[in-house]
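Engineer: Quick one: this structure, given as structure tokens, is what I'll be asking you about.
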Amino acid sequence: MTKEKSQARREHLARMRAEQKRKERRAALLMWGIGGLVIVVLVALVAVYVVNDRSAKSLSAVKTFTYKGSDHSWTKVSYKETPPVGGQHNFYWQNCGIYDKPIHNEHGVHSLEHGAVWITYRPDLPKAEVDKLKSIASADYMLLSPYPNLPSKIVASAWNHQIALDSADDPRLPEFVKKYKQNPTNTPEYGASCSGGIGTTDEKPLPPPQAETTQEPMPSAAPSS
């Protein structure tokens, strides 16, 4: 009887150990399964973020044009686009910087020819939005000015390239600046200065014609602001 009890005890212990091992295996599998699921979810979330981020920064909405450079004029120019992105322009370029009043198209276009990005906004754009634009436009080769009757709240223009935006927080704006500002492929007069030109707004008339020339006036001859 003692042997039978001992045998039964051993079998009971063996069953308990086997059951414990099964529980441990199930717990391990459950942990690995949950861990794997967490990894899959994290990878999926990262993938979605990357896709959405790329989509938000996509410049597929940029409009392109085919204007050639070096076409100067002393007279007022009628442009097809609002604001213009290229074409004939004044001999004087607009000094890059931030303007609180509209500037002449003819000067702004000349700055585009030198590689500047010109950000324009509707005069009624909220101050908080304008302040954000000023922060972006505080770098070199940047122009910022209000623009009456703009087709959208904000428009960013480079030579032969333009994008319409509804917010200063749009991630496409810094991407546009990064791609097109001083771009040697798209800038007709790459390396030309964006200072030493003219600093007036459209409250003053265009500068009077100078002696006939095919060359740009020397910066020292530019009217003061």
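The values are calculated or read from the model by the stated rules, or taken from the named source; none is laboratory data. Quick caveat, the model's predicted, so the values are computed rather than measured. A quick note on method: Cβ atoms are made from the backbone with ideal geometry, for glycine too, and the neighbour counts reach across all protein chains shown. Ligands, DNA and RNA are stripped out before the accessible areas are found, and what is left, the full protein with its side chains, is counted by its heavy atoms. Shrake-Rupley method; radii C 1.70, N 1.55, O 1.52, S 1.80 Å.
Engineer: May I ask you to list the residues in the stretch 141-179 that are in a strand (DSSP E or B), surrounded by 20 or more Cβ atoms within 10 Å (Cβ to Cβ) and either on the phi > 0 side of the Ramachandran plot or not aliphatic (A, V, I, L, M) (or both)?
Structural biologist: Those that are in a strand (DSSP E or B), surrounded by 20 or more Cβ atoms within 10 Å (Cβ to Cβ) and either on the phi > 0 side of the Ramachandran plot or not aliphatic (A, V, I, L, M) (or both): Ser145, Ser157, His161, Gln162.
Engineer: Test Thr2 against the criterion of being modelled with pLDDT of 95 or more and open to solvent by 90 Å² or more (accessible area, probe 1.4 Å), and give yes or no.
Structural biologist: In short, no.
Engineer: Do we have any residue at all in the stretch 54-61 that's at pLDDT below 70 and among the polar types (S, T, N, Q)?
Structural biologist: Looking for residues that are at pLDDT below 70 and among the polar types (S, T, N, Q), one finds at least one in the stretch 54-61, hence yes.
Engineer: State whether the residues of the stretch 116-125 include one that is in contact with a Cys (Cβ under 7 Å, 6 or more places away or on another chain) and of a type in the set (Gly, Ala, Ser).
Structural biologist: Within the stretch 116-125 (the criterion being in contact with a Cys (Cβ under 7 Å, 6 or more places away or on another chain) and of a type in the set (Gly, Ala, Ser)), the answer is yes, since at least one residue qualifies.
Engineer: Within the stretch 77-99, restricting attention to residues that are aromatic (Phe, Trp, Tyr) and in contact (Cβ under 8 Å) with a residue 60 or more places away in the chain, which residue is surrounded by the most Cβ atoms within 10 Å (Cβ to Cβ)?
Structural biologist: The residue in question is Trp93.
Engineer: Here is a further query. From the list Ser195, Ser138, exactly one residue is surrounded by fewer than 21 Cβ atoms within 10 Å (Cβ to Cβ) and under 22 Å from Trp74 (Cα atoms). Which is it?
Structural biologist: On inspection, the qualifying residue turns out to be Ser195.
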